[in-house]
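**Q** Please see the structure below; I have some questions.
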Amino acid sequence: ELFYLAADGMLTAVDVRPSANMLTLGAAQPLFKINVDPNKVLRNYYVASNDGQKLLVMSPMVNSGASPLVGVLNWKESIRSGR
């Protein structure tokens, strides 16, 4: 399977099958839209797992006024100590 970012910003998948001395390509299957300009992509914004079942996608924030994501480490200890 081949994944690529189409001109309309859709992450797209195509089945690829080797046959004799050539490759046979299936129909393009749009998966979902990524919030990047496909004409200005300078690096990979996505990676597929080895089995092709999962995709990790990096997408810029759409709403710059959104609250930041905060991770709390050792939160159980904070509850016990009353902090």
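**Q** If you go through segment 4-19 one residue at a time, how many are of a type outside the set (A, V, I, L, M), open to solvent by 40 Å² or more (accessible area, probe 1.4 Å) and either modelled with pLDDT of 85 or more or not in a loop (DSSP other than H, G, I, E, B) (or both)?
**A** 5
**Q** While we're here: Could you list, in sequence order, all residues of segment 24-66 that are closer than 15 Å to GLU1 by Cβ and either among the β-branched types (Val, Ile, Thr) or at pLDDT 90 or above (or both)? If you could, list the steps in order and put the result at the bottom.
**A** Going through segment 24-66, the residues closer than 15 Å to GLU1 by Cβ turn out to be 24-31, 46-55.
Answer for segment 24-66, where residues must be closer than 15 Å to GLU1 by Cβ and either among the β-branched types (Val, Ile, Thr) or at pLDDT 90 or above (or both): THR24, LEU25, GLY26, ALA27, ALA28, GLN29, PRO30, LEU31, VAL47.
The values are calculated or read from the model by the stated rules, or taken from the named source; none is laboratory data. Quantities reported herein were computed from a predicted structural model and do not represent experimental measurements. Ideal geometry is used to build each Cβ from the backbone, glycine not excepted, and the neighbour counts take in all protein chains shown. Calculation scope for accessible area: heavy atoms of the full protein, side chains included, ligands and nucleic acids excluded. Shrake-Rupley method; radii C 1.70, N 1.55, O 1.52, S 1.80 Å.
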